[in-house]
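Structure first, then comments.
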Amino acid sequence: MRRAVLLGAVVSMVAMATLAAAAARDCYSNADLEAELAIQFQAKLMVLSDVCRDTTYGLFTQRNKDAIIKYQKQLIDHFRRQGKGRADVEFENYMTHLANEEALASGQRTMAENCQTSALIPLANSFLTSSDMRAYFASQATANRAQYVACKE
């Protein structure tokens, strides 16, 4: 009986340690969250610009190249800390997944809904510099913080 109780306690401690390690890997620092939201925006804008045959995405990436590269590196680092084997490949797969999801969603909307009523293109055009983009996504990260597990920093 004592052995069963001891074994149960050990199994319970291992399970708690495993859950704690998983929670630590699945957490987002403020920088991770900012990058996550920016990359989601980038993927949506890429699809929207393609669907609407608009040049906004190309101009957006030219103007904000430095911020985009910073966000990509941050998200790759996030995937690395999550224990992903090839974080760079994981990032590419994630970008593809986001773009595919947005393409499917845009297929469910009319051209007018996609192109005339979307707030993405005017928002992208408001990011005249990388600083503008970083300020916006920093504020969005703060506003959306409760939806993500925070890392203990």
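Some values worked out for this structure:
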read-out	value
Sole residue being assigned to a helix (DSSP H, G or I), among the charged types (D, E, K, R) and free of Cβ contacts under 8 Å to residues at least 24 places away in the same chain, chosen from Glu102, Glu90	Glu90
Filtered residues of segment 99-153 (kept if surrounded by fewer than 17 Cβ atoms within 10 Å (Cβ to Cβ) and acidic (Asp, Glu))	Glu101, Glu113, Asp132, Glu153
Single residue of Gln72, Gln40 found to be closer than 19 Å to Asn144 by Cβ, polar (S, T, N, Q) and either outside any loop (DSSP other than H, G, I, E, B) or touching a Pro at 6+ places or on another chain (Cβ under 9 Å) (or both)	Gln40
Some residue of segment 105-112 being closer than 21 Å to Ala135 by Cα and not β-branched (Val, Ile, Thr)	no
Asn125 closer than 30 Å to Asp26 by Cβ and assigned to a helix (DSSP H, G or I)	no
The lone exception for Leu98 - which of (1) modelled with pLDDT of 95 or more; (2) within 17 Å of Cys27 (Cα to Cα) it fails	(2)
Tally, over segment 39-74, of residues that are of a type in the set (A, V, I, L, M), within 20 Å of Met111 (Cα to Cα) and within 18 Å of the chain's Cα centre (by Cα)	5
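Rundown of residues vs (1) among the hydrophobic types (A, V, I, L, M, F, W, C); (2) farther than 21 Å from Thr96 by Cβ; (3) at pLDDT 95 or above, yes/no style:
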{"position": "Thr18", "(1), (2), (3)": "no, yes, no"}
{"position": "Ala21", "(1), (2), (3)": "yes, yes, no"}
{"position": "Arg25", "(1), (2), (3)": "no, yes, no"}
{"position": "Ile39", "(1), (2), (3)": "yes, no, yes"}
{"position": "Val47", "(1), (2), (3)": "yes, no, yes"}
{"position": "Ile69", "(1), (2), (3)": "yes, no, yes"}
{"position": "Gln74", "(1), (2), (3)": "no, no, yes"}
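The values are calculated or read from the model by the stated rules, or taken from the named source; none is laboratory data. Treat the numbers as computed from the prediction; the structure is a model and nothing was measured. Neighbour counts run over all protein chains shown; Cβ positions are idealised from the backbone, glycine included.
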